[in-house]
Ligand code: F0G
């Protein structure tokens with residue numbers, strides 16, 4: 001088999017095949033493009049390949065994305081634009097078992113990536129592809145994390161990055177990253193959905209390479225959240241994988257990863273995917289409850305700004321992921337998200353608000369009986385606590401946001417005052 005026969009780029013709608021190394025990120029018919037792989041190995045041989053650091057080479061051995069290059073982008077691995085990324089921990093905390101009611105709950109913490117979110121996994125592949133096709137500039141619309149990741153990887157590649165973000169709606173840590181890494185940062189007077197429409201129009205007109213999650217190479221990178229999770233579980237698939245959902249890139253990528261993993265005999269059964277949305281930004285959950293009749297876009301509103309999205313671009317693929325895995329979609333309130341976040345933070349783990357939707361969802365699914373006793377559950381934490389320091393400040397200073405805020409203590413500069421302050425908090 002020649003190296004070029006190992007993957008093709010195919011339209012979801014009209015099934016046209018496109019050459020792999022070209023700058024188009026949508027089909028001429030408007031359909032989304034997907035990568036179709038033909039790996040050289042299956043089953044035990046493919047698992048063994050992923051474990052063989054010497055054969056993989058230094059870059060793939062160091063990156064939790066490029067380790068899986070054989071089924072991500074086999075042609076680029078040796079020359080990848082990589083920090084490296086991935087290799088995120090799979091955590092367990094008794095406190096969160098108790099709070100969620102799920103024993104042995106595992107948390108895949110994607111906040112441990114180089115720019116603090118799962119977006120690095122997709123971006124290493126998409127920016128590598130941008131270099132491959134000779135892009136002059138790269139662009140995305142973002143609620144913050146995609147822009148932070150793009151800015152970092154484009155800086156590494158030496159390509160100008162342009163990010164379209166909703167003015168006043170991006171958490172401070174993410175904005176700081178886009179600026180610091182040198183992206184041209186456009187504060188658009190509109191929401192994320194408007195940014196996504198604009199970036200596609202601008203991309204077409206100005207010939208800029210787009211790296212939103214409709215870019216098929218982004219999804220290939222994001223598949224590795226699931227592949228790495230399965231490898232950490234010795235390829236024993238859990239019963240549930242629970243993920244926060246906004247634009248549905250991850251939901252789409254997870255479904256693709258699982259379908260391929262079963263097709264190539266990496267696993268012998270499919271976990272259910274549970275996608276969790278914020279109540280004020282839940283068009284996918286609403287469609288699920290109507291039997292996925294159709295997507296009705298909403299004007300999104302939630303404190304979890306990462307998932308403040310009303311018109312998800314990967315809706316059709318998200319539907320397929322839920323249907324193929326017999327999974328479900330649910331919505332949780334902002335209050336439930338903050339309560340879950342406070343628990344994750346207090347367990348010493350920490351995450352940004354959108355990430356906590358997954359734990360809030362685990363608890364809701366346990367309480368409703370969907371997750372049954374003894375089932376094995378993995379929830380994805382998508383972003384780091386420091387992405388959104390503003391919400392932490394509000395949670396612990398404002399009354400009524402969470403039950404027991406941890407207020408900072410003003411104290412006079414004397415040992416006596418410190419003694420009294422600590423005594424009030426039960427220390428000394
Ligand atoms: N969690 C976090 C922390 C995110 O940043 C995002 C998406 C999601 C969950 C939802 O993932 O869109 O694949 O369903 N953030 C995008 C961005 C939209 O621009 O950073 P999804």
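Where a number appears in this text, it was derived from the coordinates with a stated rule and is not lab data. This structure is a prediction, so every number in the text was calculated from the model and none was measured. So basically every Cβ, Gly included, is an ideal-geometry build from the backbone, and we count neighbours across all protein chains shown.
Among 18-25, 79-86, the peptide with the highest mean count of other Cβ atoms within 10 Å heads the list, and the full ranking is 79-86, 18-25.
Semi-axis lengths, largest first, of the ellipsoid equivalent to segment 213-335 are 25, 14, 13 Å, with √(5λ) applied to each eigenvalue of the Cα gyration tensor.
Can you give me the C-alpha center-to-center distance between segment 237-259 and segment 208-230, rounded to a whole angstrom? Cα centres, segment 237-259 to segment 208-230: 12 Å. Under conditions of 20 °C and 1.002 mPa s, segment 269-326 yields 181 µm² s⁻¹ as its translational diffusion coefficient, taking Rh as the Kirkwood radius over Cα pairs in the Stokes-Einstein equation.
Computed over segment 357-428, the P(r) curve from all C-alpha pair distances, binned at 10 Å from the origin, holds 15, 25, 28, 20, 10, 2 percent per bin. Spin-label pair residue 179-residue 201: with each label point 7 Å from Cα along the Cα-Cβ axis, the two points sit 2.8 nm from one another. The angle between the Cα long axis of helix 315-324 and the longest principal axis of the Cα atoms of the chain comes to about 90 degrees, rounded to the nearest 10. Taken over segment 62-198, the alpha-carbon convex hull comes to 139 cubic angstrom per residue. A crude spin-label estimate for the pair residue 396 and residue 411, with each label 7 Å from Cα along the Cβ direction, gives 1.4 nm. Could you tell me whether segment 282-428 comes out rounded, prolate or oblate from its Cα gyration tensor? Rule is a ≥ b ≥ c as square roots of the eigenvalues, rounded for a/c under 1.5, then prolate if a/b exceeds b/c, otherwise oblate. In terms of gyration-tensor shape, prolate. Each peptide in 261-272, 319-330 was scored by the mean count of other Cβ atoms within 10 Å over its residues; highest first, the order is 319-330, 261-272.
The order of the peptides 355-363, 199-207 by mean Cβ neighbours within 10 Å, most packed first, is 355-363, 199-207. With an a/c value of 1.5 or above and a/b not larger than b/c for the gyration tensor axes a ≥ b ≥ c computed over the alpha-carbon atoms, segment 21-101 is described as oblate.
Counted over all Cα-Cα pairs of the chain, pairs farther apart than 39 Å make up 17 percent. Taking a ≥ b ≥ c as the square roots of the Cα gyration tensor eigenvalues, segment 146-302 comes out oblate, since a/c reaches at least 1.5 and a/b does not exceed b/c.
Under the simplified labelling scheme, the residue 262-residue 38 pair shows an inter-label distance of 2.4 nm, with each label point 7 Å from Cα along Cα→Cβ. Look at where the Cα atoms of segment 1-75 and of segment 388-428 average out, and the two centres are 51 Å apart.
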